[in-house]
1. Surrounded by 22 or more Cβ atoms within 10 Å (Cβ to Cβ) and not aliphatic (A, V, I, L, M): which single residue out of Gly335, Gly304, Gly269, Gly281 fits that description?
2. Answer yes or no: is there a residue in the stretch 154-167 that is touching a Phe, Trp or Tyr at 6+ places or on another chain (Cβ under 9 Å) and surrounded by 23 or more Cβ atoms within 10 Å (Cβ to Cβ).
3. In the stretch 311-337, which residues are under 13 Å from Gly81 (Cβ atoms), modelled with pLDDT under 95 and not aliphatic (A, V, I, L, M)?
4. State the number of residues belonging to the stretch 86-106 that are crowded, with 23+ Cβ neighbours inside 10 Å and under 16 Å from the mean Cα position of the chain (by Cα).
5. Within the stretch 338-362, restricting attention to residues that are of a type in the set (Gly, Ala, Ser) and outside any helix (DSSP H, G or I), which residue is surrounded by the fewest Cβ atoms within 10 Å (Cβ to Cβ)?
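The values are calculated or read from the model by the stated rules, or taken from the named source; none is laboratory data. The structure presented is a predicted model; accordingly, all values stated were derived computationally and were not measured. Using ideal geometry, Cβ is built from the backbone for each residue, glycine included, and neighbour counts are taken over all protein chains shown.
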Amino acid sequence: MKMKKVMALMAAAAVAGSMLVGCSSGSQDTTTAAPAETKADAGKDAAAADTKSGDAKASDGKLLVYGIYKAGDQTWFIDEGAAAQKAVEAAGGEFVFVDAKMNSEEYLKAIDNAIANNASGIVTCIPDQTMSQAVITKCEEAGMPIVAADDALQDASGTKLAPWVGINAYVIGQANGEWLANYAKDNNLVADPEVGLLVMTMDTVSSCVPRAEGELDKFSEVCPDFDQSKIYKADYDGTTDKGNTAAAAVITAHPEIKKWLVTGANEEGCIGAARALESAGLDKDACVVGLGAYMAKDEWNTKGADGTCVKASAYFSADSVGAGSVDVLLKVINGEDVDMEKAVDAIVVTPDDYKEVMGSYAE
């Protein structure tokens, strides 16, 4: 589905606004969420810097892009923002990274600030998808092009309201489910009465639901004889702490399960489950498969393959999503026709091959 008619007028207005901004004087709002203006070569430290989001303002028609992310302190968004900045700077522009801190009010303030500072456009991951229409309305009224990354800007029926760049969620979930199912078969765990499967879910986030569905569907397909009564779900908010709490509750409620197979909707939830298994003394016989690999690689780098129950993770590049979202935004700004969806695939990595597959992201 194409987006040209919806976004072309917004793009034209945004470009016109940026060309006129040299005549503007007015104060800047400095009460918004604290963004970090990252440098492509500064990595995570720069992306995590705490500066005011009013620091940048378009002038003389210069390209100015705001990257507003729901959890800018998480590794995935730090890496994604760095990739987005690199793409913007390669186009001769300036990028402002904003951490909305999973706070809806701060997020909306950041959107307002980008508009007030005459940004050329916004790439964003929204903290609460029920706010999507409010964000789209703000941007349409301001003629501000916007592209969603990771979590779509969508209406109640799931229809996308702006172009979206993210992971191929269901297919990536299937890859995780297949790897975990094969692990269970190879280790004679399918019929073991002490084995349970735990799927960490994020049912309020549209981009995360198909990940867990793909994992469960593929696992069940490959292991049709696995006892369905020993499949459990733990819902959380995407953070490691809440993932830990949710997993611990399920683990505590089922002391009959001594060997846990775990996968989930994002890397943080899976790592939280790993910590819960360690606390329960069940990590030695457990197998956790993450989703993202940006925390799994830390497990392997610091503990080695035998020092953690995290045995694999589906790796997809933050660079692909970050740079991809900027590529789509620039096309919208230029009035080009774009697809409403652009999905990135993944590959499951293990301690044996993660450095080769992930390259610098394995460090």
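1. Values: Gly335 fails: surrounded by 22 or more Cβ atoms within 10 Å (Cβ to Cβ); Gly304 fails: surrounded by 22 or more Cβ atoms within 10 Å (Cβ to Cβ); Gly281 fails: surrounded by 22 or more Cβ atoms within 10 Å (Cβ to Cβ).
The conditions single out Gly269.
2. Looking only at the stretch 154-167, we keep the residues that are touching a Phe, Trp or Tyr at 6+ places or on another chain (Cβ under 9 Å), and these are 154, 167.
Right, trim to surrounded by 23 or more Cβ atoms within 10 Å (Cβ to Cβ) and you get 167.
Looking for residues that are touching a Phe, Trp or Tyr at 6+ places or on another chain (Cβ under 9 Å) and surrounded by 23 or more Cβ atoms within 10 Å (Cβ to Cβ), one finds at least one in the stretch 154-167, hence yes.
3. Hit for the stretch 311-337 is Asp319, nothing else.
4. Counting residues in the stretch 86-106 that are crowded, with 23+ Cβ neighbours inside 10 Å and under 16 Å from the mean Cα position of the chain (by Cα) gives 4.
5. Applying the first criterion (of a type in the set (Gly, Ala, Ser)) to the stretch 338-362 yields 343, 346, 359-360, 362.
Narrowing further to those that are outside any helix (DSSP H, G or I): 343, 346.
Working: Ala343: 18, Ala346: 22.
Per the criteria, the residue is Ala343.
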